[in-house]
Amino acid sequence: MKSDTERAIQERFGKQGVEMPAVRIFIAPLVSREFINYILWGLEEEGIPAELKEMEDETSAVLLAKLAADSASLNVGIGIDKAKVVLHHRDLLQENPLFSLGAEELNRTNLRCLGANAARLFKGSPLIFQDGSPGS
Amino acid sequence: MTYIAGVDIGNNSTEVAIARLNGRGEVNVLSSALVRTVGIKGTLQNTHGIIDALDGALNPLDIPLKDLSLVLLNEATPVIGDVAMETITETVITESAMIGHNPSTPGGMGLGRGTTISLEKLDEAASDEPWIVIIPGTVDFLEAAERVNRATSAKKDIVGAIVQKDDGVLIHNRLHHPIPIVDEVLHIDRVPLGMSAAVEVAAPGRSVVKLSNPYDIATQFDLDPDETRHVHPIARALMGTRSAVVIKTPKGDIEERRIPAGKLLLIGEKKKAGVEVGKGAEAIMAQVAEILPLTEIRAETGTNVGGMFENVRNVMADLTDQPVSAIRVQDIIAVDTLVPQKVLGSLADECALGNAVGLAAMVETHKLPMQRLARELEEQIAVPICVGGVEADMAILGALTTPGTRPPLAILDLGGGSTDASLIRESGEVRSVHLAGAGDMVTLLINKELGLENREVAENIKRHTLAKIESLFHMRHEDGSVEFFSEALDPRLFGRVVVVTDDGPKPVEIKEPLPKIAVIRKEAKKKIFVQNALRALKRVAPGGNIRLIGFVALVGGSALDFEIPGMISDVLMEYGIVTGRANVRGIEGPRNAVATGLVLAQAKRERIETS
């Protein structure tokens, strides 16, 4: 099942899997939909398109984020597994992602902020920090 | 053969020069050192800094402190300065009548005018008039969009929205009919309901055109000429913002208030005159020039200027053990500035520019208690101390070691608290003057004009060039050049304007774009140092004619600034004067002039004794 937001985004920005300028989000299997929406809203408010891809194999969020960033034309990627959300950039080493949210930090404010920061990372605008989280 | 040291205690730094004398009056300067002055100059605390500086200069030479046969202390100029800002106008907006701010991502585009209504009341709204809906932070954007859509489906005319959270784009993307949306309005509860309001959002990269024009506001709200005059400050405050809201409240009142800023009394040798600070810098400085030479300046008590005058006089009185009544302010410099002020009754912490006058004052007394300091130091280091040499004479003597100079040479000492000038004629006669206003005043202007409320950040902006962090790995300097880094920069610096300090880039935590910060920095330096260079040189030049000065050498901390020497050189160019940073002994740059002068003067004395 796809959420309204996902459908809205795909209508606006094109179909999944098609090469287009967007922040890439790679998602491990069985991740809660709710997480993803907050991230997408963060990106949407900043006016930057996103592209979702669900993976079939169990992979860590860091690796997913790095893969997403390396393959995205905007050089920015987000990886999500059941316990973590990671924001990565193509120029960063895999083991040093820009931001990483652990299970206890996965609330709506932090997730939306991470989405907004993914957009800002592409735009070159100052990032949002709310008292250290999401922090590096 | 003996070793001697020259020590110069300045307001900010203590400098040392170590020299070897061969007993026949020949002198060889071996090393130098510079440390921060500990305490106010002339106080006993200074000894800590002096000993540090002596150690610093002696260590590389492998000469122990006790081998020095003499330490020469300068007769420090008893001059201190202080700065203050006096606001002349401020915009007072009662009953919250405007919001003009720059949320990074407002929603939609265009202009809408209607009556303010809360989201909950939308269902009851009449369908024959336009509405501007107020959406509080407690409502989720999905719900907000849905309710607005339901209202428009019921033929209600929704023309704009004011949103508390950063949800403008999200709401806009979900509306069936696009409307302009201003978001991130912090104090949404202060937005009055049932009032006539206008919302405007400009396209990305543009700023509002209607609500920044008083006649368009008049058109929207059907204002008469008197009312239009009242909204003029609002229109001005909204210029350059990407989104804006104007609300007309029946009792709403906006006025540009002139604040009584106090009076200055200028007492000259021949005449005296009063001048209102509120008249602005030009009027004040014209009056100062008229009254010259000044003997004293007094300020009205109970004003900011009055407070500042009291402060400098108290510090000087403490320092010299004289009654406050004996201390007189002898020079001032005034400059006009525009300072952003928080609008009273604001809804989103918006600012309006107010006029202000920045003032610096200078106090000069007879002598600082250098003998007391000398005795204390002598006890601590067990080396004979000698206080002597007028600071200006010593500075000139040191500056003359700059290759390529000869009398008539003027030095401009660009310090923190005062700008000093001295001139040496071919005859060897030296004339000097101390003027109010220098580096500290520049810091104050930068601090106020950018609304920083942080002296340290202002100081950093003054001292360093700017850059913008464009990616995690590179920054673009203000001259356009790009610098790459092999390791990722702190994400907190990303996308920000930074000052390029010796310890790497430091963020400037304000929204202003880089070019604006750079302009404010440059203008502040010009207003103070260019004006003071001319004022000071005119006072020491033969017959008051700057053209008769052949060479000008810049010394002091601000001479090390990356752009001030260029600015002064530009203006002195017109008078055909060779202007540059001093290069004391061909190696020190604009530093160490007084310390060098002290040891040279001692060598000269020795020469006279031996011959």
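Let me confirm something: among B:Arg174, B:Arg190, which residue is charged (D, E, K, R), more than 14 Å from chain A (Cβ to nearest Cβ) and surrounded by fewer than 21 Cβ atoms within 10 Å (Cβ to Cβ)? Steps first, answer last, please.
On the way: B:Arg174 fails: more than 14 Å from chain A (Cβ to nearest Cβ).
Every option except B:Arg190 fails the conditions.
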- Sort through B:Asp331, B:Asp349 and tell me the only one that's surrounded by fewer than 18 Cβ atoms within 10 Å (Cβ to Cβ), over 25 Å from B:Gly589 (Cα atoms) and among the charged types (D, E, K, R). B:Asp349
- Message: Return the residues of the range B:122-147 that are among the aliphatic types (A, V, I, L, M), over 19 Å from B:Val245 (Cα atoms) and away from every other protein chain (no Cβ under 14 Å); say none if nothing qualifies.
- Response: B:Leu122, B:Ala125, B:Ala126, B:Val139
- Can you tell me which residue in the range B:464-493 is surrounded by the most Cβ atoms within 10 Å (Cβ to Cβ), limited to those that are in contact with a Gly (Cβ under 8 Å, 6 or more places away or on another chain) and assigned to a loop (DSSP other than H, G, I, E, B)? B:Ser471
- Note on the structure: Residues of the range B:4-37 being in a loop (DSSP other than H, G, I, E, B), more than 30 Å from B:Gly81 (Cβ to Cβ) and open to solvent by less than 20 Å² (accessible area, probe 1.4 Å), in sequence order, are B:Gly25
- Item | Every residue from the range B:494-514 that is part of a strand (DSSP E or B) and charged (D, E, K, R) | B:Lys506
- Query: Just one of the numbered conditions (1) more than 22 Å from B:Ser13 (Cα to Cα); (2) of a type in the set (D, E, K, R); (3) modelled with pLDDT under 95; (4) open to solvent by less than 30 Å² (accessible area, probe 1.4 Å) is not true of B:Asp561; which one?
  - Reply: (1)
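Every residue in the range A:104-113 that is touching a residue at least 40 places away in the same chain (Cβ under 8 Å) and within 12 Å of chain B (Cβ to nearest Cβ), please.
Within the range A:104-113, A:Arg108, A:Arg112, A:Cys113 meet the criteria.
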- Task: Answer with yes or no whether B:Gln371 is at pLDDT 90 or above, in a helix (DSSP H, G or I) and of a type outside the set (A, V, I, L, M).
- Result: no
- Members of the range A:52-67 found to be open to solvent by 20 Å² or more (accessible area, probe 1.4 Å), under 13 Å from the mean Cα position of the chain (by Cα) and not basic (Lys, Arg), listed by number: A:Glu54, A:Val62, A:Leu63, A:Leu67
- Only residues that are within 14 Å of another protein chain (Cβ to nearest Cβ), among the β-branched types (Val, Ile, Thr) and out of contact with any helix residue (DSSP H, G or I) (no Cβ under 7 Å at 6 or more places or on another chain): list them for the range B:487-543, please. B:Val498, B:Ile510
- Checked A:Leu127, A:Leu101 against criteria (within 25 Å of B:Glu509 (Cβ to Cβ) and within 11 Å of chain B (Cβ to nearest Cβ)); the one match is A:Leu127
- Message: Which residue is least open to solvent (accessible area, probe 1.4 Å), if the candidates are limited to the range A:68-105 and must be touching a helix residue (DSSP H, G or I) at 6+ places or on another chain (Cβ under 6 Å) and charged (D, E, K, R)?
- Response: A:Asp81
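Do we have any residue at all in the range A:87-98 that's over 23 Å from B:Glu184 (Cα atoms), in contact with a His (Cβ under 7 Å, 6 or more places away or on another chain) and away from every other protein chain (no Cβ under 14 Å)?
No, there is no match, as no residue in the range A:87-98 is over 23 Å from B:Glu184 (Cα atoms), in contact with a His (Cβ under 7 Å, 6 or more places away or on another chain) and away from every other protein chain (no Cβ under 14 Å).
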- Check A:Arg120 against each of (1) away from chain B (no Cβ under 12 Å); (2) in contact (Cβ under 8 Å) with a residue 40 or more places away in the chain; (3) open to solvent by 10 Å² or more (accessible area, probe 1.4 Å) and name the one condition it does not meet. (1)
- Message: I need every pair where a residue in the range B:158-171 that is more than 9 Å from chain A (Cβ to nearest Cβ) has its Cβ under 8 Å from the Cβ of a residue that is buried (at least 22 other Cβ atoms within 10 Å of the Cβ) and among the aromatic types (Phe, Trp, Tyr), sequence separation at least 6 or different chains.
- Response: B:Ile158/B:Trp131; B:Val159/B:Trp131; B:Lys165/B:Phe141; B:Ile171/B:Phe141
- Item | Count - residues of the range B:78-112 that are at pLDDT 70 or above and of a type in the set (Val, Ile, Thr) | 6
- Query: Mind checking which residues of the range B:400-448 are open to solvent by 10 Å² or more (accessible area, probe 1.4 Å), over 19 Å from B:Gly557 (Cα atoms) and either in contact with a strand residue (DSSP E or B) (Cβ under 7 Å, 6 or more places away or on another chain) or among the charged types (D, E, K, R) (or both)?
  - Reply: B:Thr405, B:Arg406, B:Pro407, B:Pro408, B:Ile424, B:Arg425, B:Glu426, B:Glu429, B:Val430, B:Arg431, B:Lys448
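The values are calculated or read from the model by the stated rules, or taken from the named source; none is laboratory data. Remember, predicted model here, so these are calculated numbers, not experimental data. Every residue, glycine among them, receives a Cβ derived from its backbone with ideal geometry; neighbour counts consider all protein chains shown. To get the accessible areas, we keep the full protein, side chains included, count just its heavy atoms, and leave off ligands, DNA and RNA. Shrake-Rupley method; radii C 1.70, N 1.55, O 1.52, S 1.80 Å.
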